[in-house]
Each structure stands twice: as C-alpha cells, then as structure tokens.
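Asks: One structure, as structure tokens, below. Some questions next.
The numbers here are math on the coordinates, done by the rules we state, and not lab data. Small disclaimer: the values here were computed from a predicted structure and weren't measured. Using ideal geometry, Cβ is built from the backbone for each residue, glycine included, and neighbour counts are taken over all protein chains shown.
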Amino acid sequence: MSVQENYDNWEEIFRVRDKEEQQISVTEKVTYYNTNATNYEESMAAGDYSGPRLTASLLHKYLKGRLDAKILDVCGGTGLVIRELRKFASYNNADGLDAAENMMAVAKENGLYNNIFPQYFTLESDVPSNSYDALSSCGAFLPGHLKAEVVTKMCDIVKPGGYVVIVMRKHFTDYDSNLMQLRPLVHKLADTKQMELIEECVTENYVNGHDGLKIVLRKPC
Ligand SMILES: C[S@@+](CC[C@H](N)C(=O)[O-])C[C@H]1O[C@@H](n2cnc3c(N)ncnc32)[C@H](O)[C@@H]1O
C-alpha cells in the first residue's frame, strides 16, 4: 500500500461528519492504533501533520528552556511531540500516557519518555493532582478519543503555575456534539479563575490542509 493510500485510511478513520464515525468506540479506535503503530508516523507525514511541531513550540515558549520541567504527554502515541520538543532543547523529563501499547512501544524504542503509562485517560485517571509542570495533548480531542470534559482533569494534574497545551483539528469543535463543549468549558475554567486562558487561536494547515486550534491554559499560583 502506498503512503498516500495509507494516509487515506487514517483520513477515513478521522472523518466524522456522519453519525457512524461518532459511534465508533474508543476501544475500536485504540485497536486501530495498535494495529497501525509502526506506520503511524509515515501516514501522518503524508498528510503534512504539523500538530506535534506546533505543540512542541508552545511547550518550549512557556517552559522557557527549563530542561527538567516535568511534562505529561497525554495521548502521546509514538512520541512525536517530544521528538519535536527536543529539536528546541534537550528536555529530559517527559512522561507519556496512551491507551495504545504498541504506539507507546515505538516511543519507548526511540527513548522519548522517562515513564510510560499505557492507559485510557478519563476523569477517573489516577495521575496525581498538581504533579506536572506541563501537560500536552496533541491530536487527542477528536471523536472517539478524548471527551471534552477531561480538560478539567488535565487542569487538575498540572502544578500551580503549570500549563495545559492542547492542539487539535478546529473542525471538531464546530460540529461534534461532545467536542463542541470544549471551548465553552475552557472559557468557564477561565471565567471562574480556576485557570488562565493564555492562548486560543486558529492556525492554518494543521493536517492535510485543515485548520488547527491551539489552546494554552495556565493554573494560577
Ligand atoms: C492521532 S493520535 C495522536 C498521537 C500523538 N499525540 C501525535 O500527535 O502524533 C491519537 C492517540 O490517542 C490515543 N488515545 C485515543 N483515545 C485515548 C484515551 N481515551 N486515552 C488514552 N489514549 C487515547 C490513541 O491510542 C492514539 O495513540
């Protein structure tokens, strides 16, 4: 199968304008990632996927070169975010969490994470409160993946002064019934002063010509 055909496969999985896609369960999605882990990066490169670079750039901007900053990369997959981050500086304290063990195995082989947590990320996740300087989530808020409400868990996990960095395809916040709630929830967290909304902006050419959305939240000290 050619790289483009491979990419089209992923596009098919990500295409969500029909109800059918929204009904695919998260376990089915994770099975898909487990099966395709070894060609994931090639497939995404074929779609000019800029998410990991954008996420890394935001992490570096706010962590300001603190190389030992403790980072949790949620839905980290094969570790592309950390690979991009290390192009800025030798950050050395990142952990990865992902439900697809085979994706995490690729990241492990490449030495990208200190600790790997092969688990689903939900409101019940047992990651301790106030334990990370930054939490990243790239390409993870999409139908059948993370639910909008877990943003509150992300905010709980970062330390006071810590950052939550979300990069995703914008489209999903416009029509997916659950993900439409993400931006209002982020604004509610900011309005109630639980978090500061540092950045919320649309970026062109996130993947395959689609717009991306970048959100950065900071927990007040
Ligand atoms: C599109 S990939 C993104 C991977 C990586 N962040 C990147 O940008 O290359 C989505 C990843 O999210 C993981 N995933 C989906 N839902 C999850 C959940 N509820 N908990 C943990 N991982 C999940 C999948 O296994 C997959 O590795």
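Asks: So is residue 84 out of contact with any strand residue (DSSP E or B) (no Cβ under 6 Å at 6 or more places or on another chain), acidic (Asp, Glu) and either loosely packed, with under 15 Cβ neighbours inside 10 Å or part of a loop (DSSP other than H, G, I, E, B) (or both) or not?
Replies: Working: out of contact with any strand residue (DSSP E or B) (no Cβ under 6 Å at 6 or more places or on another chain): yes; acidic (Asp, Glu): yes; either loosely packed, with under 15 Cβ neighbours inside 10 Å or part of a loop (DSSP other than H, G, I, E, B) (or both): no.
So residue 84 does not fit the description; no.
Asks: Looking at 174, 95, can you tell me which residue is away from the ligand (no atom under 12 Å from the Cβ), charged (D, E, K, R) and either closer than 17 Å to residue 200 by Cα or without any contact (Cβ under 8 Å) to a residue 12 or more places away in the chain (or both)? Even if it seems obvious, please write down each step before you answer.
Replies: Working: 95 fails: either closer than 17 Å to residue 200 by Cα or without any contact (Cβ under 8 Å) to a residue 12 or more places away in the chain (or both).
Answer to the check: 174.
Asks: Something else about it: Name every residue in the range 99-123 that is out of contact with any strand residue (DSSP E or B) (no Cβ under 8 Å at 6 or more places or on another chain) and either closer than 25 Å to residue 48 by Cα or more than 15 Å from the ligand (Cβ to nearest atom) (or both), in order of residue number.
Replies: Correct list: 99, 100, 101, 102, 103, 105, 106, 109, 110, 111.
Asks: Something else now. In the range 135-146, is there at least one residue being part of a loop (DSSP other than H, G, I, E, B), touching a strand residue (DSSP E or B) at 6+ places or on another chain (Cβ under 8 Å), without any contact (Cβ under 8 Å) to a residue 60 or more places away in the chain and surrounded by 17 or more Cβ atoms within 10 Å (Cβ to Cβ)?
Replies: As a first pass, look at the range 135-146 and keep what is part of a loop (DSSP other than H, G, I, E, B): 139-146.
Going one step further and asking which of them are touching a strand residue (DSSP E or B) at 6+ places or on another chain (Cβ under 8 Å), we end up with 139-142, 146.
Filter once more, keeping what is without any contact (Cβ under 8 Å) to a residue 60 or more places away in the chain: 141.
Still in the list and also surrounded by 17 or more Cβ atoms within 10 Å (Cβ to Cβ): 141.
Yes, the conditions are met somewhere in the range 135-146.
Asks: When the residues of the range 38-80 are narrowed to those that are among the aliphatic types (A, V, I, L, M) and near the ligand (Cβ under 8 Å from one of its atoms), which ends up nearest to residue 119 (Cα to Cα)?
Replies: Narrowing the range 38-80 to residues among the aliphatic types (A, V, I, L, M): 44-46, 54, 56, 58-59, 63, 67, 69, 71-72, 74, 80.
Still in the list and also near the ligand (Cβ under 8 Å from one of its atoms): 44, 74, 80.
Details: 44: 23, 74: 10, 80: 18 Å.
Checked the range 38-80; the qualifying residue nearest to residue 119 (Cα to Cα) is 74.
Asks: Hey, another quick one. For residues that are among the hydrophobic types (A, V, I, L, M, F, W, C) and within 20 Å of residue 92 (Cβ to Cβ), scanning just the range 127-152, find the one that is nearest to the ligand (Cβ to nearest atom).
Replies: First pass over the range 127-152, keeping only residues among the hydrophobic types (A, V, I, L, M, F, W, C): 127, 134-135, 138, 140-142, 146, 148, 150-151.
This time we only want the ones that are within 20 Å of residue 92 (Cβ to Cβ), so: 127, 134-135, 138.
Details: 127: 11, 134: 14, 135: 12, 138: 4 Å.
The residue in question is 138.
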